[in-house]
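Scroll down for the structure; my scribbles are underneath it.
The values are calculated or read from the model by the stated rules, or taken from the named source; none is laboratory data. These numbers come from a predicted model, not from an experiment. Ideal geometry is used to build each Cβ from the backbone, glycine not excepted, and the neighbour counts take in all protein chains shown. To get the accessible areas, we keep the full protein, side chains included, count just its heavy atoms, and leave off ligands, DNA and RNA. Shrake-Rupley method; radii C 1.70, N 1.55, O 1.52, S 1.80 Å.
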Amino acid sequence: YSCPTPISDGKRIYVLINGLGIAASYDHDGNFKWAQLVTDMGDPGAFHCNTPVLVEGKFTVLRGSVLRAFDAETGKVAWTSTDLRKAVGVDIWHGYGTGASFSSSPCVAKIRETSVVFFNSSVTRVADGKVLAQIHLDLDGNVRTTPFAMDNAIWVAGQFSMQRIPLPEAAQEGLVLTKASDGGKWESGDIAFYSSPVLNDGLLYGMRHDGKLWVDEANPPKQAYVQDLKLGYYSDYDHIGNVASIAMGGRHLFALNNQGTAVVFEPGKVFKEITRNRIAHCVERIYNYDPDEIFNSAPIFEGERMYLRGEQNIYCIGKK
């Protein structure tokens with residue numbers, strides 16, 4: 001899977017190989033700049049799929065339930081946070097351990113002029129690593145999607161509901177965030193958001209891993225419609241279903257399944273499909289399961305081209 005995702009400040013590429021516990025930096029020609037181990041930060045059995053953030057000259061990574069910021073230029077440790085959790089639970093699904101197996105990535109927000117890192121309702125100050133709020137909101141279990149900050153709020157698709165979390169007036173210790181609503185609808189079975197949401201013109205678009213599109217009016221949160229995109233997907237113990245994030249390219253939204261099918265639709269309060277297309281490519285596997293190439297990554301748009309990373313290939317779609 002494409003996790004954690006590399007990031008760049010335009011001068012360098014920063015990578016987090018979290019399973020092995022390595023943070024590193026390279027220039028755009030591929031020359032090595034620095035590397036640091038982060039194996040002391042968290043449980044080696046955690047999911048380790050968290051993409052880092054880059055803000056105010058600091059490359060900040062999450063491992064387990066701890067944040068660490070490196071000076072982006074030198075790789076020296078700027079700070080390491082305390083545990084982001086208020087309480088330690090038992091992970092009954094992964095070995096009965098007490099380690100933190102978070103899936104979601106952090107995001108950067110601003111409270112007035114203060115830059116903070118938000119992660120699963122915790123808030124950490126970028127300047128010095130002070131944890132202003134530990135994890136305290138119920139976002140329906142282990143959040144898989146990446147949140148984002150916009151319009152003085154955090155937007156996140158929890159496991160079973162999409163949320164708007166207003167930011168407070170001041171960045172001070174003891175912050176308590178609140179959810180604008182619990183407007184999500186639960187369904188029987190393990191149907192959850194893995195695809196990160198998109199906010200456009202007052203509407204919040206999210207896709208669950210069964211291929212259903214959930215659209216909410218953003219503020220105040222209120223469900224606009226639910227649309228079955230009829231994407232289909234491959235699923236087994238190691239493959240959940242449709243996990244690629246919805247993406248906006250030009251005036252249209254793109255939703256992809258894990259079998260190479262993309263549905264292109266117009267934003268708005270009424271669903272309108274523009275087109276759909278499938279990239280069909282078979283791969284050889286050691287194990288006997290679906291031979292179709294699996295797609296778990298969101299597309300990236302540049303000019304009149306779309307780039308898409310599959311399990312085996314990188315595709316460029318657009319004008320030559």
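One residue alone among PRO220, PRO291 is under 20 Å from PHE148 (Cα atoms), modelled with pLDDT under 95 and surrounded by fewer than 13 Cβ atoms within 10 Å (Cβ to Cβ), and that residue is PRO220. Scanning the stretch 109-155 for residues that are in a strand (DSSP E or B) and either among the charged types (D, E, K, R) or open to solvent by 50 Å² or more (accessible area, probe 1.4 Å) (or both) yields LYS110, ARG125, MET150. GLY174 satisfies every condition listed in (1) open to solvent by 30 Å² or more (accessible area, probe 1.4 Å); (2) assigned to a strand (DSSP E or B) except (2).
Applying the criterion of being of a type in the set (A, V, I, L, M) and modelled with pLDDT under 95 to the residues of the stretch 50-80, the residue that is farthest from the chain's Cα centre (by Cα) is VAL66.
Residues that are more than 20 Å from LEU67 (Cβ to Cβ) and surrounded by 14 or more Cβ atoms within 10 Å (Cβ to Cβ) were ranked within the stretch 13-49; the one that is farthest from the chain's Cα centre (by Cα) is LYS33.
Residues in the stretch 156-166 that are under 12 Å from SER121 (Cα atoms) and open to solvent by less than 20 Å² (accessible area, probe 1.4 Å): VAL156, GLY158, GLN163, ILE165.
Of all residues in the stretch 174-195, those that are modelled with pLDDT under 90, closer than 18 Å to PHE118 by Cα and polar (S, T, N, Q) total 0.
Among residues of the stretch 10-65 being of a type in the set (Val, Ile, Thr) and free of Cβ contacts under 8 Å to residues at least 24 places away in the same chain, the one that is farthest from SER101 (Cα to Cα) is ILE13.
Among residues of the stretch 252-287 being of a type in the set (A, V, I, L, M) and in a loop (DSSP other than H, G, I, E, B), the one that is nearest to the chain's Cα centre (by Cα) is ILE279.
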